[in-house]
Every structure is written in C-alpha cells, then in structure tokens.
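> For reference, the structure I am asking about is given below.
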Amino acid sequence: MTIDRRGFLIGSLAGVGAIACSEGPAASPKKGPTMPAAKPAPKTILILGGTGFLGPHIVEAARARGHTVTLFNRGKTHPTLFPDVEKLQGDRDGKLDSLAGRKWDAVVDTSGYVPRIVKQSAELLAPSVGHYLFISTISVYAKSDKVGADETSPLATLDEPASEDVAKHYGALKAGCETACEAALPGRVATIRPGWIVGPLDPTGRFTHWPVRLAEGGEVLAPGDGTTPIQLIDGRDLAAWIVTLIENRTTGVFNAFGPSNHPKINLSIKQLLDDCNTAAGNKASLTWVSTEFLDNHEVSPWAEMPGWVPAEGDYAGFGRLSNQRAVDAGLTFRPIADTAQDTLAWLALPDVEAWVRGTAPFGSAAMLSRDEPAKRRAIRGSGITREKEAKVLAAWKARG
Ligand SMILES: NC(=O)c1ccc[n+]([C@@H]2O[C@H](COP(=O)([O-])OP(=O)(O)OC[C@H]3O[C@@H](n4cnc5c(N)ncnc54)[C@H](OP(=O)(O)O)[C@@H]3O)[C@@H](O)[C@H]2O)c1
C-alpha cells in the first residue's frame, strides 16, 4: 500500500534526553507520578498562542491549578475566548513589542513552526523567563520504521535549507525550532513531541470522524484486521501534563502520547473503534476489510481511515514508539471512551467554543455557525465519505 508520508505526518512521529532545570544543579525526572507532595507554588505562565485547540486546554488546566496565564497572539483565532485572561497582542513574526520588559516563570510555545520566527521569541524571552516549553511533534523523526524508537532517534533535516514551507517540511522545520529554543535557553527547555492529539476543540476532524460515524449507526467500514497499533493523546491530558512539567520545572525532550504506559502494550484500532462505539451507544456494527482490498479500492490510510496506518515496512514503527520518558515524568491518560463521549458532547454544543464557556459567559453561538459552515463540517469529521464507504462495503460483500 503506498502511503504519502508528508500527508499524514502533521501530528505523527519524534526526539532527545531529559534533564530537570532549577536554580541548582540539574536532576533527572523521578520514576512514577512526579506530582510534588506540597501544593506547587503558583506560577506566571505566558502562552504564545492559547486560543486554538491545545492552547485553551492549557489555559484551563493552569488556571484550575492556581496559576496566572497571559496570552500572546494576533487576536484572530477565537478572539472572544477567555475575556478575563490578560492578552497581549502582536505577531510572533516580527511584532513582539508587547512582550518586552515583562517577566514570567514559564512560557509555552504552541504556535512555533518556523525556526527563524521561533528564534525571535526565544531570544527575546530568554532573559525574562525561567523555563521554555516548546510544543514540537513526533513528525521530527526522519523515519518511522523502528518499533520502540525513542527520543534519541535521528531527526528529519531540511533538503531545502532556506524553505519555510510548513506544509512541505513540517517535521524538519519543527526540528529546527527545537534547536533554536535550546540555543537561546540552554538547559531551560522542555521539548514536547506529541503524537496524534484528539478530543474536544480539535479542528481537524480526524479522531472525531469515528465517534460521529459510529453514532450514526448501521454498518461501518473498519480498516485491516483490527490489530494495527494506535498512539494518541487527549488534548486535556497533554495540557495537564504540561502544567505538571511547569510546576516541576522539568526540562528535556519527551515523546508525548499514550494511551498505554507500558512499552509492550499498544492500543489496537479494534480497541479504539470498540470504545468509540460504546461511547456512541453501540448503534453501529464494524465490518473489517483487508488492507489489500482497501488499497485496491484506493481507500487511503490516515486521511480516509483516521489514525490507521498499516504498521509494515517503512511504517513498522508507526504507532509503536516509546513514551516511557513522559510516563516517568507524570504523563497519564484518560480512557478512550471518555474522549469519544466528550467529543460528541462538545460537537452537540451551539459552537465549538462553548466548551470553554464554563469559565465566563459570552455569546458566540452565532459567530461560528453564522460564517463557517465548511469549518463546522470539517470539525465534525474528515475521513471517508459515506458514499465511498457504502461502495467499498458493497464491493467487499460482492467479492465472492
Ligand atoms: N493536532 C495534532 O495532532 C498535533 C500533533 C503533534 C503536534 N502538534 C502541535 O501541537 C500544537 C497545537 O497547537 P494549537 O494550534 O492547538 O495551539 P493554540 O495555542 O491552541 O492555537 C494556536 C495559537 O497561535 C496563535 N497564532 C497563530 N499565528 C500566530 C502569530 N503569527 N503570532 C502570534 N500568535 C499566533 C493563534 O492566535 P491568532 O490566530 O489569534 O494569532 C492561536 O492562539 C502545534 O504546535 C502543533 O504543531 C499537533
């Protein structure tokens, strides 16, 4: 089966060693949950971004744990979110004035894609922040063919050194951003390489495809024999862990995904779909169709079967990377069924932002539904169309 690596790498494969940074000498993360016994001291946290998908979850987790958050962004994405949070306006590509002269305990960089731009904010903030957390991706890895690969695996490099084309060089550019952060704040950086981030507020519709499709009921096309391994992380679990790293001033490089904290136990696509089906009320039946048959009927992995990439050949390691370091640093995972249920609950809301409305009443129902039906459809689920699904299922039955 031919797989376009770039097509699905946005959110896939990752990076390098861990040291804990504090005033004093470096210390490695202790085994098991790293939550400090005493209530962590309140921190001041700057988020470069904060209003898209992962950002709002970090804001919520930090505020729930008594920390003070400041957002820096252009004020274009979900501008009405968090009316009671300090917002500094600017553009990280050259308009950083509003950050000058300010101090924070930590900065979380969720919106860094181009090394030149990340270098600007990292160098500006280096004298005024103690800890820099850069949100990278497991797409930084050059290959995905090794089972159990960890943060020491080789990284992708730019074959066009001057390129800033994120769609074309997402992984290699993120690797360059990691280097820029470490160069500006040596020993004070936590580089976080998430895998597939899922759950409420996800603008891609990838994971969302499954609970939405299963909630419609009937016969559902399921890919392969059900054993394909899956690694993902609920945005809220990732956000909570990022706040833990801030509280512990943990530095280093971490692959961040689950849902298993056992290197040998992986989630299978069958388990994922069964849990989503349960969360969606068990109205659907799954028909598993072989990888070869899907290939012959041009059903593409990932894009049409979200999360599914046959773990073979160059992709033998896909879905089977090591997350041990992050687990040792306190990363934990909620059940898939909870993520699926909450995703359906979020989609049932009048607008995608209402999920965060709990914090402050503000009306934006009209805003989204009024001017972005296409975006709303995308949020409800990308994946295979119902028409193509029905055709492939009919052909599968007729294959005699
Ligand atoms: N989704 C996945 O499966 C996945 C997997 C692995 C890694 N990741 C990584 O996870 C992160 C997810 O980030 P997110 O988008 O959800 O973060 P977010 O912080 O929730 O949203 C992006 C923020 O960046 C701001 N922004 C965009 N361009 C800006 C600019 N030029 N100057 C200042 N602010 C700017 C946006 O606000 P304005 O538009 O108002 O400026 C928005 O607040 C990304 O780094 C991604 O690479 C994602």
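> Residue separation times 0.36 nm, minus the C-alpha to C-alpha distance between Ala126 and Asp145: what's the value?
Numbers: separation 19, 0.36 × 19 = 6.84 nm, distance 3.66 nm.
The span from Ala126 to Asp145 would gain 3.2 nm if fully extended.
> How much accessible area per residue does segment 46-85 have, in Å², with a 1.4 Å probe?
Working: 1320 Å² over 40 residues.
Per-residue accessible area for segment 46-85 comes out at 33 Å².
> Just to confirm my numbers, what's the Cα centroid distance between segment 47-103 and segment 289-323 in Å?
If you average the Cα positions of each part, the centres end up 37 Å apart.
> ³J(HN,Hα) across segment 240-249 via Karplus (A = 6.51, B = -1.76, C = 1.60, θ = phi - 60°), whole Hz, x for Gly/Pro?
4, 5, 4, 5, 4, 4, 5, 4, 9, 6
> To continue, here is another question. Tell me which trypsin sites (Lys or Arg not before Pro) from segment 66-104 have a DSSP coil assignment and no more than 13 other beta carbons within 10 Å of their own.
Details: sites: Arg74, Lys76, Lys87, Arg92, Lys95, Arg102, Lys103; in loops: Arg74, Lys76, Arg92, Arg102, Lys103.
Filter output for segment 66-104: Lys76, Lys103.
> Another question about this same structure. What ratio of Cα Rg to 2.2 N^0.38 Å holds for segment 69-147? Can you show the working numbers first?
Details: Rg = 14.7 Å, N = 79, 2.2 N^0.38 = 11.6 Å.
Segment 69-147 yields a ratio of 1.27.
> Still on this structure: Can you list the residues, at least 5 places off or on another chain, whose amide H is less than 5 Å from the amide H of Lys143, using H built in the peptide plane?
none
> Taking 30 Å as R0, compute the FRET efficiency from the Cβ-Cβ separation of Val166 and Asn282 and round it to 0.05. If you can, show how the numbers build up before the last one.
On the way: r = 40 Å, r/R0 = 1.34.
After rounding to 0.05, the efficiency reads 0.15.
> Roughly what % of DSSP beta bridges within segment 199-314 run antiparallel, to the nearest 5? List each step's numbers first, then the result.
Numbers: 3 of 10 bridges.
Counting DSSP beta bridges with both partners in segment 199-314, the antiparallel share is about 30 percent.
> Using a 1.4 Å probe on the protein heavy atoms, what percent of the accessible area of segment 154-202 belongs to carbon and sulfur? If you can, show how the numbers build up before the last one.
On the way: 1070 of 1790 Å².
Exposed carbon and sulfur together represent 60 percent of the surface.
> Another question, if that's okay. Between Gly205 and residues 5 or more places away or on another chain, which pairs have amide H atoms under 5 Å apart, with H built 1.01 Å from N, and which residues are they?
For Gly205, no residues qualify.
> Right, next: Volume per residue, Å³, of the convex hull around the alpha-carbon atoms of segment 103-163? Intermediate results must be reported in sequence, preceding the final value.
On the way: hull volume 6.6 nm³, N = 61.
Per residue, the Cα convex hull of segment 103-163 comes to 109 Å³.
> Sticking with this one: Amide H of Gly258: which non-local residues (sequence gap of 5 or more, or other chain) have their own amide H closer than 5 Å, using H built in the peptide plane?
Sorted by chain and number, the residues that satisfy this are Leu232, Ile233.
The values are calculated or read from the model by the stated rules, or taken from the named source; none is laboratory data. These numbers were taken from a predicted model, which means no experiment stands behind them. Reconstructed Cβ throughout: ideal geometry from the backbone, glycine too, with neighbour counts over all protein chains shown. For accessibility, only protein heavy atoms count, side chains too; no ligands or nucleic acids. Shrake-Rupley method; radii C 1.70, N 1.55, O 1.52, S 1.80 Å.
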